[in-house]
Amino acid sequence: MPTHRRLALSALVIGLASSPAAADAAPPSFSIAARETADLWDELAGSVNTGAVMLNKFQISASVSRPFGLPGLSAHAQVFRTDGHSLSAHVGDIQTVSNIEALTTTRLFESWVEQRFGDDRASFAVRAGLMDLNADFDALDTPTLFINSSHGIGPDISRSGVNGPSIFPVSSLGLRLSWLPSQKWTFRVAAFDGVAGDPDRPKAFVAVRLARRDGALLIAEADYHLSDAATVAAGAWGYTADQVLASGFAPHRDRGFYASIEGPIPGQTIWRAWARAGVADGDAQIVRSYLGLGLVGQGVWRSRPEDRVGIAVAHAGIGRPARAAFGLGRAETNFEASYQYRLRNTLAVQPDVQYILHPEGAPHAANALVLGLRLILTAGYPHQSPATDSADPTVAPEGPQPPAAPAT
């Protein structure tokens, strides 16, 4: 990364970290974390554009809790830098093989403030600013092992909107309300700018454009915690402004529903499973339905208690208007197998293989087989962030959390 960009990131973190905080704040009044993710991919079979692709994503984030001694108040910011060429241009898929693929840019991705009321047993929170929708909605824990983007957020949501919803790599201004009436239930509702970022400035450091014609994206989700490690969730979302799928199509206001379940396989603690289904308006976007499921094991080998291994399937159904307009097939299905090897607490490598059946990003594209290797390096203060944990360690999680893995 160029020197001036590194200095800019450092200045942001120092500015946040130096905010006043109450002397009795617990946990510590501020935290900083950095994460470097690097991918190397090679398409072993396919017809769009074979060859190796390198991708890179560098993130740095900071949070301040209880500034000026104000209880329940916190602030958070995240900046990222992405580099590399499009892997999906090689594969021809719509579900995006690598979840760090983006235009080469440096961007302020998150910058929000939150006021929380209550305690760990019951609370209510208001958050406003630049926010990642996927940090709170359609966010499962078990499939975070996988690299394909559909296992981070369903393509029925991620493919919506003129410029996508407020998710990586482009966020938007929003307001989120969160209510935890008990340790069993979590309710969230949010409103985001209907057009994420600024389509006219795709590489802007701060990408914000507010216009009445953009409308809003409204989303709500309810989570029920079956136990500390198992959750059932359901959500609904919709845009308040019309969108046009392609020239000649009538405008539509995209909307959809999704539901998921995740938790340990009954009778043992090594294997966890999940399933997630969603539907969207096939007249307003390419994807009209989605089904994802998989299995993840941690500590399968006793000598490697932190390593994770898993298999997953992501099936995206294509809407009839998109099939007619673009010459696409009925569905794209991705099969993925991945193994995450922890070299040390802050360093992990992850070989990954994906087979894409009927890639729908290009008409008549051949089935593709891609092999990848991911390297993850993390750092943090006052606590080191494990490379095997994809969650931002500077943001306190809401609701019951799975039991911590045994120390090694």
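Readers should treat all values here as calculations from the given coordinates under stated rules, not as data from a laboratory. These numbers were taken from a predicted model, which means no experiment stands behind them. As a convention, Cβ positions derive from the backbone with ideal geometry for all residues, glycine included, and neighbour counts pool all protein chains shown.
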Residues with amide H under 5 Å of S289's amide H, sequence separation 5 or more or different chain, H placed in the peptide plane at 1.01 Å from N; which? A280, G317
Would you work out which of G317, L357, A139 lies farthest towards the positive end of the dipole of the chain? Charges go on Cβ: Lys and Arg +1, Asp and Glu -1. A139
Taking θ as phi - 60°, what are the ³J(HN,Hα) couplings along segment 64-71 by the Karplus curve (6.51, -1.76, 1.60), each to the nearest whole Hz, with x for Gly and Pro? 10, 10, 6, x, 6, x, 7, x
Low-density loop positions, chymotrypsin sites (Phe, Trp or Tyr not before Pro), segment 202-237 - DSSP coil, at most 13 other Cβ in 10 Å: F205
Any idea what the dipole of segment 268-408 comes to, in debye rounded to 20, about its Cα centre with Lys/Arg Cβ at +1 and Asp/Glu Cβ at -1? 320 debye
What is the chain by shape, rounded, prolate or oblate, if you read a ≥ b ≥ c off the alpha carbon gyration tensor as root eigenvalues and call it rounded for a/c under 1.5, prolate for a/b larger than b/c, and oblate otherwise? rounded
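To the nearest 0.05, what FRET efficiency results for A275 and F68 with a Förster distance of 56 Å applied to their C-beta separation?
So, using R0 = 56 Å, E works out to roughly 0.80.
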Inter-centroid distance (Cα atoms) of segment 237-288 relative to segment 78-155, Å: 16 Å
Give a residue-ordered list of calculated ³J(HN,Hα) values for segment 161-169 (Karplus: 6.51 cos²θ - 1.76 cosθ + 1.60, θ = phi - 60°; whole Hz; x for Gly, Pro). x, 5, 10, x, x, 7, 9, 3, x
Sequence-distant residues sharing a close amide H with E398 (under 5 Å, placed H): none
Residue list for segment 255-274, given a label point 7 angstrom along the Cα-to-Cβ vector of S303 and an amide N cut-off under 14 Å: none
Full extension from H383 to V126: what is 0.36 nm times the residue separation minus their Cα-Cα distance, to one decimal in nm? 89.9 nm
Spin-label model distance (nm) - V232 vs F257, 7 Å beyond Cα toward Cβ: 1.5 nm
Using modelled amide H (1.01 Å from N, peptide plane; none on Pro or chain starts), what sits under 5 Å from the amide H of A366, excluding residues fewer than 5 places away? S47, V48
Computed ³J(HN,Hα) along segment 215-226: with the Karplus parameters 6.51/-1.76/1.60, θ = phi - 60°, integer Hz and x for glycine or proline, the list is x, 9, 9, 9, 8, 9, 8, 10, 10, 10, 8, 5
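Between the DSSP loop rule and a limit of at most 15 other Cβ atoms within 10 Å, which chymotrypsin sites (Phe, Trp or Tyr not before Pro) in segment 39-72 are left? Display every interim value, and only then the final one.
Values: sites: W41, F58, F68; in loops: F68.
Counting only loop positions with at most 15 other Cβ atoms within 10 Å, the chymotrypsin sites (Phe, Trp or Tyr not before Pro) in segment 39-72 are F68.
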